[in-house]
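Right, one structure below, let's go through it.
What follows is calculated from the coordinates using simple rules that are stated; it is not laboratory data. Quick caveat, the model's predicted, so the values are computed rather than measured. Neighbour counts run over all protein chains shown; Cβ positions are idealised from the backbone, glycine included.
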């Protein structure tokens with residue numbers, strides 16, 4: 001991409017003019033990112049509340065069947081070939097290029113392909129449900145549940161295209177509203193079903209009904225959000241299908257490699273150390289998983305924006321957005337890493353109430369550092385996806401996965417859980433922090449040291465210094481319960497935020513924050529004043545009525 005390396009004033013000015021002309025029409029990245037976080041929080045809360053209730057009312061065997069089928073249905077995703085991710089990439093690209101016909105072709109082709117995939121998924125679930133039930137010795141109930149959940153997965157296929165299309169238009173907030181509403185409603189209905197004594201079959205039908213409701217809601221939202229797109233059979237094109245499948249397969253390969261890198265350390269612990277150690281290590285890995293999800297929720301909104309801007313040849317603006325978002329991603333990643341370094345051990349002790357978890361304390365420190373490196377560079381992953389550099393990203397992921405497996409096994413012999421943590425951290429640091437970072441900097445035509453200096457190093461330094469200070473003065477050891485831990489975490493985040501504000505946030509950003517805070521304060525004050533005036537007016541009217549009597 002030679003255009004990216006053009007840094008001349010004329011190129012910058014032309015690109016800035018292009019971006020300024022469309023800036024007012026682009027959705028807010030902040031609102032989209034916030035809606036992603038709210039969706040993540042809603043799913044976590046729903047899962048934490050629903051799972052114990054379902055388990056207690058169904059019993060272990062019935063609950064095991066439910067979890068088995070929902071896990072099995074997840075493998076149906078293989079048949080989708082990642083085509084929805086291709087829609088997510090090419091729709092904003094063609095929108096940026098102004099090729100509305102291509103936008104309709106991509107979405108229509110993806111929709112027809114996923115409709116066919118849905119038929120295949122349902123057919124497989126019907127043809128093999130009895131074999132699956134016999135293999136797991138689940139009986140007729142498991143067989144019925146398999147085809148019901150297969151039907152739900154089939155209905156979900158076209159809904160995924162609507163979802164990807166709306167996200168491509170950067171309408172994350174709209175998709176997330178539907179997701180939250182459906183998740184809460186589904187959880188409520190499932191809870192009512194098990195509370196009233198209904199079994200797995202009824203729960204399977206609930207899945208089918210809510211898949212249909214989600215499809216209908218996404219369809220209506222799609223018509224509202226993507227009103228310039230018409231789904232027509234005649235717009236289907238084999239070149240578009242080939243393009244989507246090739247892109248999707250590469251994404252599947254990259255995702256599989258990423259899954260191996262993330263899941264293999266637990267397998268290594270189970271094989272090389274002990275099964276008991278897997279549970280302990282898995283608790284630490286659980287925290288790392290949610291660490292990832294929080295940062296992913298914030299950065300996921302950038303991929304379609306990068307793709308859109310590349311369609312506009314607005315590479316100077318891509319550089320500006322990359323630097324700005326990388327800095328904020330590093331700040332967010334540093335905040336969570338700091339919390340894990342200081343309060344991660346206390347959280348594990350309070351959560352699991354087992355002294356055995358103490359042997360994972362070195363692992364949580366090491367893994368938090370490795371994930372800090374990985375997630376600080378997360379924007380580069382979204383950038384490479386948005387610029388169509390998925391092949392290069394897949395190479396990075398494959399090398400990382402292979403290195404994690406080899407190093408985790410090698411170091412587990414002598415160093416146990418700590419060795420596995422080091423074996424997972426070192427490849428992540430080298431591949432994501434150095435190799436991938438240097439590649440992205442060359443792609444954008446910026447210096448590697450400038451990228452680190454402007455975006456990465458300051459949040460890392462603040463997090464490390466604060467963590468060392470807290471541990472050096474023994475403050476972290478004062479935690480003796482949930483209340484003290486929560487209070488300490490709030491104080492620590494306030495100190496971190498103030499330090500970041502004073503040393504990293506630029507003057508124009510400080511002005512925006514002050515104006516935003518002032519606007520929020522005025523809004524709250526005005527609402528409170530209006531409420532007081534309304535109450536006074538009502539009180540006066542009541543007093544006047546009593547006087548008349």
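FRET efficiency for residue 529 and residue 201, Cβ-Cβ distance as r, R0 = 51 Å, nearest 0.05? Before the final figure, lay out the partial values.
Values: r = 56 Å, r/R0 = 1.11.
For residue 529 and residue 201, the calculated efficiency is 0.35.
As a check on your grasp of the helix formula, calculate [θ] at 222 nm for the chain: sum -39500 (n - 2.57) over DSSP H runs of n ≥ 4, divide by the residue count, round to the nearest 500.
Numbers: 20 runs with 455 residues, N = 549.
The helix contribution divided over the chain gives -29000 deg cm²/dmol.
Show me 310-323, 212-225 ranked by packing, highest mean number of other Cβ atoms within 10 Å first. Intermediate results must be reported in sequence, preceding the final value.
Working: 310-323: 20.7, 212-225: 17.4.
Going from most to least packed, we get 310-323, 212-225.
The packing ranking, built from the mean of other Cβ atoms within 10 Å per residue, places the peptides 471-482, 46-57, 367-378 in the order 367-378, 46-57, 471-482, highest first.
Restricting the calculation to Cα atoms, the stretch 481-521 shows an Rg/Rh of 1.16 when the hydrodynamic-style radius is the Kirkwood one. Using the Cβ-Cβ distance between residue 43 and residue 349 with R0 set to 25 Å, the FRET efficiency from 1/(1 + (r/R0)^6) comes to roughly 0.45. Taking a ≥ b ≥ c as the square roots of the Cα gyration tensor eigenvalues, the stretch 26-236 comes out oblate, since a/c reaches at least 1.5 and a/b does not exceed b/c. Distance between the modelled labels on residue 116 and residue 503, one decimal in nanometres: 5.7 nm (7 Å Cα→Cβ projection). Just need log10 I(q)/I(0) for the stretch 265-481 at q = 0.15, 0.17 Å⁻¹, Debye formula, equal scatterers on the alpha-carbon atoms, no solvent, rounded to two decimals. At q = 0.15, 0.17 Å⁻¹ the computed log10 ratios are -0.99, -1.18.
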